[in-house]
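Worksheet for the structure shown next.
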Amino acid sequence: MKTLSYKLVIQIWIASGLVDGFVSRSAIRLVSRFANFLVFGLLLTAIGAANAAELKGPYTLTSPSGELRLTVSDPEEKGVRYSLTVLGKSVLKESVADIVLQGMRLHLSEAKVIDAKRLTVNRELAPHVQQKSKRVQEHYNQLTLRFDNQLALTFRLFDQGMAYRFTTEQDGGLVVNSETVSLNFDGDHRLLFPEETSFISHNERLYLPKRLSEIGAEQFASLPLLVNVDDIKLVITETGLRDYPGLWLEGNDKQGLNARFPAVVLKSELKQDSDRNEHIIQRADYIASREAISTSSASALFPWRVFAIAQNDAELLTNELSYLLADELAIDASWVKPGQVAWDWWNANNVFGVDFNAGINTQTYKYYIDFAAKYGIEYIVLDEGWHHLDSVLNVVDEIDVEEIIAYGKSKKVNVILWVIWKTLDNELEVALDRFEQWGAAGIKVDFMQRDDQAMVNYYWKIAKLAAQRKLLVDFHGSYKPAGLRRAYPNVITREGVRGLEHNKWADYITAEHNLTLPFIRQLAGPMDYTPGAMVNAQPENFDINFNRPMSKTTRAHQLAMYVVFESPLQMLADTPSHYLREHESTEFITSVPTVWDETQVLSAKISDHIIIARRSGKQWFIGVMGNSKAREFTLDLSFLGSDNTQYQMYSIADGANAHRYASDYSVKREAVTAQSQIKIQLAPSGGWAARLSPVLNSK
């Protein structure tokens, strides 16, 4: 080992305060002789001192850009409390994270930090089923605190937000008595609160505008929800949800929100005369048990608590934290094929202009297949009615499932089968084997209506067993996406959203509601809103009709949803007879991809408007959705780039009379470049949609 300069050693000693500036010649010779040993010892001392200081806290962590700053207090003082600022502005203040395991030796307020590790990750991911883009950048700084009670707490800070999760190395049985998620703010901020009345819920709510102080401890909401911290938007959700109940948030009569969890279900039964609605008879006094937990690592993982941050509304539309923090790919998903679906239930099988009796029968579904084949639609769904409700294998006499599936395959159209979760579960593997034998492409599983630990585990079980048989899964009557889709991309979409189906029985699906969903619910993951109404009405003309439903928006608003709303399995909700009659609208809808290579938000404001451009290959699609007021916008096409490529733009706009007859629309074809400025006029509850195709040899 090369001898270090004794002068350097002396400088280190002086800087450390071990000696003063006067050193004798003999001392210098002594230092020179033992320089390496002394410096090595000194460096170890310095490192130890630094580690000791890090273990004491408080701890700070910044996002890669430095704009977000997290401060975690010393847990020994009052447990884990954290504060989050954005450009110095307080977003979360002295919020509390805690978890109580049965038999845990120490609570966090009593535990000591025995290790503090930091990590930086910067990599690019390529989702198998892409949603917003072909590549997703994963860049974060991480702090993990390990305690002397076998718990660890990891914080990650991205430029798009913050997240934390607990892990434990506790051996043997594991019972989680409670978890504390106590969110405190420094003001009485406004929020959009999807209020619930029960843990038995489809999580299909309106986003109610409230102040934090207006939410009492008895009021609670499903996730995600949005808090407007002045000019900063905070969307709260979770991901990595596995073997654990879903997180809900309740008020506290102050300026904060606290966690509420559905406890473990000990006993339940279906309500009398119901095949789907459960009555919870008994719950435990704990929220999770390791008996239902299966982990492949030495540590038990708990869900990520996610706090997505946006300094303007548009940033929420491209936030990928729910995906980035989810469990990594668990299967070979090369067979998973996104696409569109012709759907029967919303339109009540109202096929007309045919020579057969329409309904739940083989001939009607062949008609759906013919329609799908004509427009290149990849799937149809057989929704409720194809089997008797006592068994998913007890097919009604009017349906020949194998004939329908075989006919579909001859036309390159695949079939997805609807089932109730409990009926499926009663004969699960036998039924899935039969579906695979028939050649079905997937299942639409409905009416779970819960997210306690057992039900969350059911989702993972279905995802795994379906993947083994190469079956897609679309969960309806479900909780929000919470990470399952990354591990099992065959779970290609899900509901958990108040979508178009509500038009069949209510009048609250307004343009403003549609312009709230992408900023909040869609941040958690794909949403099966089921757009595509061909009968359209302005609010004053809207009529509730279960069997002949319509939309409370214009036709162009419905078409724009196919660009704005994200679902790798996207429904066409109306009857094929309408779509065949409305060829221009249908041709546009079926040209829109369901997954994207690139997304650019051109302008967006919650409940006001969205202008978004998405690219698939060399084509661009633009979707514009407006609220209940007539609007005008100038669309700048500079996002197309600087290579002077010419595009042929095909657009569908609100017609001149769409303000009174909402199905009115106009079509235009024109040549455009990146220098073009397009004037757009939206009717009330209106929209605009376009497809831009590059012209060959345009350079």
Can you name the strands (runs of 3 or more DSSP E) wholly within region 294-401 that have at least 1 residues being closer than 30 Å to LEU68 by Cβ, in contact (Cβ under 8 Å) with a residue 40 or more places away in the chain and hydrophobic (A, V, I, L, M, F, W, C)? 304-310
Restricting region 322-361 to residues that are surrounded by 16 or more Cβ atoms within 10 Å (Cβ to Cβ) and of a type in the set (S, T, N, Q), which is farthest from the chain's Cα centre (by Cα)? ASN361
Between residues in region 191-203 that are over 21 Å from GLU214 (Cβ atoms) and residues that are at pLDDT below 95, which pairs lie under 9 Å by C-beta distance while being six or more apart or on different chains? PHE199/ILE280; ILE200/ASN277; ILE200/GLU278; ILE200/HIS279; ILE200/ILE280
So in region 111-133, with the set limited to residues that are of a type outside the set (S, T, N, Q) and within 26 Å of GLU566 (Cα to Cα), which one is farthest from the chain's Cα centre (by Cα)? ARG123
By residue number, the members of region 348-374 that are touching an Asp or Glu at 6+ places or on another chain (Cβ under 7 Å) and among the aromatic types (Phe, Trp, Tyr) are TYR368
Mind counting the residues in region 160-180 that are surrounded by fewer than 18 Cβ atoms within 10 Å (Cβ to Cβ) and within 26 Å of the chain's Cα centre (by Cα)? 2
So VAL129 ticks every box in (1) of a type in the set (A, V, I, L, M, F, W, C); (2) part of a loop (DSSP other than H, G, I, E, B); (3) within 27 Å of GLY256 (Cβ to Cβ) but one. Which box is left unticked? (3)
Which of the residues belonging to region 623-645 are part of a loop (DSSP other than H, G, I, E, B), out of contact with any Lys or Arg (no Cβ under 8 Å at 6 or more places or on another chain) and not small (Gly, Ala, Ser)? ASN627, LYS629, LEU637
If ALA671 satisfies all but one of (1) under 34 Å from the mean Cα position of the chain (by Cα); (2) part of a strand (DSSP E or B); (3) more than 25 Å from SER685 (Cα to Cα), what's the number of the condition it fails? (1)
Name every residue in region 604-633 that is out of contact with any Ser or Thr (no Cβ under 8 Å at 6 or more places or on another chain) and either modelled with pLDDT under 95 or within 24 Å of PRO539 (Cβ to Cβ) (or both), in order of residue number. ALA604, LYS605, ASP608, GLY623, VAL624, MET625, LYS629, ALA630, ARG631, GLU632
So in region 219-252, with the set limited to residues that are aromatic (Phe, Trp, Tyr) and in a strand (DSSP E or B), which one is farthest from ALA314 (Cα to Cα)? PHE220
Any residue that is surrounded by fewer than 18 Cβ atoms within 10 Å (Cβ to Cβ), in contact with a strand residue (DSSP E or B) (Cβ under 6 Å, 6 or more places away or on another chain), in a loop (DSSP other than H, G, I, E, B) and not small (Gly, Ala, Ser) - is there at least one of those in region 521-537? no
Just the residues that are within 23 Å of TRP304 (Cβ to Cβ) and outside any loop (DSSP other than H, G, I, E, B), please, taken from region 253-276. GLY256, LEU257, ASN258, ALA259, ARG260
So which residues in region 45-103 are within 21 Å of THR167 (Cα to Cα), at pLDDT below 90 and outside any loop (DSSP other than H, G, I, E, B)? GLU54, LEU55, LYS56, PRO75, GLU76, LYS78
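The values are calculated or read from the model by the stated rules, or taken from the named source; none is laboratory data. Only a predicted model underlies this, so the values are computations on that prediction, with no experimental measurement involved. Note that each Cβ is placed from the backbone with ideal geometry, even for glycine, and that neighbours are counted across all protein chains shown.
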